[in-house]
Amino acid sequence: MALRHEGEYSYGDSATDVWDYFVWRDRNSPEPVRHWRHVVCPCGSGAFVVDYDPDSQFLERICTGCEAEVVMFEHEYSTPKKRPNDTDLLECICGADEFEVVGVTEPFGADRPDSARTFYLGLRCVVCGCLGCYADWNPRYNDAEAYLAMM
Ligand SMILES: [Zn+2]
Ligand SMILES: [Zn+2]
């Protein structure tokens, strides 16, 4: 099995299918996605509960294996992001809240292929396989790999 589309939803079996989803989504874009990173906890687990506040872009992942909490992109700023008062646990359409986490970036253009103009948060539900883009913003970063390393 691989990436598949059912109605307005897409499904996959692995983090690679999340990447394939963004490639498919960007298939007509003049500046398609180029870099991506599948986040795996040092404990070996690839399943996370994800906490997100769209207003502040506070984004945190909590490993379901060892419960380690990591605020993503915390080092992008000189002062750590403040935890907002109410964040939302991201939830799949099936009601589950454990995901594989994949970061994807689009560069500024062909002359700056390794930059990260736009970031997409890709998540794949580990229960039902439904995947998609749960957040996006424009980091306007010179180094896509360095940006994705902050996940
Ligand atoms: Zn872990
Ligand atoms: Zn699901």
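Laboratory data are not the source of any read-out in this text; all were calculated from the coordinates shown. No experiment lies behind these values; they were computed from the predicted model shown. Cβ coordinates were reconstructed from backbone atoms using ideal geometry, including for glycine residues, and neighbour counts include every protein chain displayed.
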Subject >> Spherically averaged projected area of region 4-146 from its Cα convex hull (nm²) >> reply: 9.0
Original post:
With r defined as the distance between the Cβ atoms of residue 150 and residue 55 and R0 fixed at 25 Å, what FRET efficiency is calculated, to the nearest 0.05?
Top reply: 0.80
Subject >> Overall form of region 45-88 per C-alpha gyration tensor (a/c, 1.5; a/b vs b/c) >> reply: oblate
Subject >> In order through region 110-118: 3J(HN,Hα) via Karplus (6.51 cos²θ - 1.76 cosθ + 1.60), integer Hz, x for Gly, Pro >> reply: 4, 7, 10, x, 9, 8, 10, 6, 10
Original post:
Assuming a viscosity of 0.692 mPa s and a temperature of 37 °C, what translational diffusion coefficient in µm² per second does Stokes-Einstein assign to region 40-124, Rh being the Kirkwood radius over Cα pairs?
Top reply: 231
Original post:
What nm value, rounded to one decimal, do you get for the distance between residue 28 and residue 136 when each label is placed 7 Å out toward the C-beta?
Top reply: 1.4
